[in-house]
Amino acid sequence: MSINKVSILKSVDQNTFEGLKGYTNLAVIVDENTKRDCYPIVKELLPEHLLIEVVSGEENKNLETCQHIWQELTNAGFDRKAAVLDLGGGVIGDMGGFCASTYKRGIDFWQMPTTLLSQVDASVGGKLGIDFGKLKNHIGVFRIPDMVLVYPEFIKTLPQNELRSGFAEVIKHCLIADADHWKTVSSKPLSEQDLATIIPHSINIKDGVVTSDPTEKGLRKILNYGHTIGHAIESYLLDIPGRKLLHGEAIAIGMIAEAYLSVKFTGLQEEELKQIQEYILSVYGKVEILDSDLEHLYAYLLQDKKNSGKKLSFSLLSKIGDCTFDQFIEWNEIEEAIKYYMSL
């Protein structure tokens with residue numbers, strides 16, 4: 001039985017938010033983008049609420065922004081029977097859920113994801129947190145949302161680069177768990193993808209994995225495929241002018257590099273590596289990684305949450321559609337994998 005309460009909506013009306021009427025107070029967290037594009041769609045349908053606006057961007061997913069949210073809840077007299085609705089992408093979902101989970105030891109929160117990334121991945125599964133310095137999701141908790149409302153029409157508000165970023169998680173879900181769907185997805189460019197099919201498919205894969213392993217003791221680690229190297233690259237480039245990447249753009253690099261490691265260590269076939277890299281490069285193009293970046297990436301890899309001591313842990317493919325976890329890889333092999341990507 002699923003531990004995630006997810007509703008995929010064809011439309012939104014007052015019945016959509018009926019369950020929010022029983023709370024003593026409600027806060028809706030938005031950024032400047034969702035306030036402009038998404039909030040007007042739901043504003044009049046929601047119960048009376050407090051609107052809390054934060055600044056968009058991964059660089060603002062930090063303790064300072066949390067303090068702003070907690071202060072707003074405190075000033076408005078929110079008690080433990082209040083609730084939060086996170087109306088936004090992965091940043092708002094991660095941070096808003098974290099703030100709700102820690103305010104007065106925890107109040108209820110609903111997620112209403114507005115990006116492809118958050119709809120297919122970030123909003124489902126209860127990983128919540130904020131960045132600490134440049135370490136991504138370094139401070140956080142596991143807690144399943146009380147409800148996830150997925151309204152695919154919000155995707156129409158996204159710029160192309162955000163849509164493309166979210167698509168990386170769709171690719172990942174296929175590679176780790178559904179070889180047949182990979183064939184379907186990889187046969188078309190992003191512009192021809194059927195989002196009405198893709199979104200529930202990805203949610204079902206993540207929901208199944210998370211339900212079997214809510215706190216990432218084992219199987220859930222496969223969801224990190226592409227993320228060990230990808231997160232290191234994303235974190236390192238975050239505040240380097242002109243080089244910042246969106247989450248999915250960094251994960252795309254990670255998936256190619258970690259597919260290379262998969263050939264070396266877990267049985268992925270060379271032909272499958274070529275399929276993966278050719279399709280990912282066709283969607284995301286090539287990002288320049290410099291030799292001088294490598295030592296910095298190593299420092300970020302050492303902080304990865306899956307590590308055991310100084311052992312660098314990876315989730316790698318045994319074949320397309322099947323993923324292993326707890327693969328401990330030495331830095332020289334990781335460096336080789338990143339250089340493989342650099343050589344393409």
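Numbers for the structure displayed
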quantity	calculated
Carbon/sulfur fraction of accessible area - the chain, other protein chains in place, 1.4 Å, %	50 percent
The range 64-133 - accessible surface per residue (Å², probe 1.4 Å)	32 Å²
For Phe142, net neighbour charge (Lys/Arg +1, Asp/Glu -1) across residues whose Cβ lies under 9 Å away	+1
Cross-link partners of Lys339 among aspartates and glutamates (Cα-Cα below 18 Å; sequence separation of 8 or more within a chain)	Glu234, Glu249, Glu258, Glu270, Glu278, Glu288, Asp291, Asp293, Glu295, Glu330
In order through the range 34-46: 3J(HN,Hα) via Karplus (6.51 cos²θ - 1.76 cosθ + 1.60), integer Hz, x for Gly, Pro	6, 4, 7, 9, 10, 4, x, 6, 10, 3, 6, 8, 7
Label-point separation in nm, Asp326 to Lys339, each point 7 Å along Cα→Cβ	3.1 nm
Percentage relative contact order, the chain, counting C-alpha pairs under 8 Å, at least six apart	15 percent
Rg/Rh (Cα only; Kirkwood hydrodynamic radius) as it applies to the chain	0.96
Centroid-to-centroid separation of the range 124-162 and the range 1-62 [C-alpha atoms, Å]	13 Å
Straight-distance crosslink candidates among lysines, where the alpha carbon sits under 18 Å from Lys61 and sequence neighbours closer than 8 are dropped	Lys35, Lys127, Lys134, Lys136, Lys244, Lys305
3J(HN,Hα) from dihedral phi, the range 189-201, Karplus parametrisation 6.51/-1.76/1.60, rounded to Hz, x for glycine, proline	x, 4, 5, 10, 6, 8, 5, 5, 8, 5, 4, x, 4
Antiparallel DSSP beta bridges within the chain, percent to nearest 5	40 percent
Projected label distance in nm at Leu290 and Lys305, using a 7 Å step from Cα toward the beta-carbon	3.1 nm
Efficiency of FRET between Lys188 and Glu270 - r from beta-carbon atoms, R0 25 angstrom, step 0.05	0.55
Per residue accessible area in Å² of the range 187-290, where ligands, DNA and RNA are left out and the probe is 1.4 Å	39 Å²
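The values are calculated or read from the model by the stated rules, or taken from the named source; none is laboratory data. Keep in mind it's a predicted model, so treat the numbers as computed, not measured. In this analysis, Cβ positions are derived from the backbone assuming ideal geometry, glycine residues included, and neighbour counts consider all displayed protein chains. Calculation scope for accessible area: heavy atoms of the full protein, side chains included, ligands and nucleic acids excluded. Shrake-Rupley method; radii C 1.70, N 1.55, O 1.52, S 1.80 Å.
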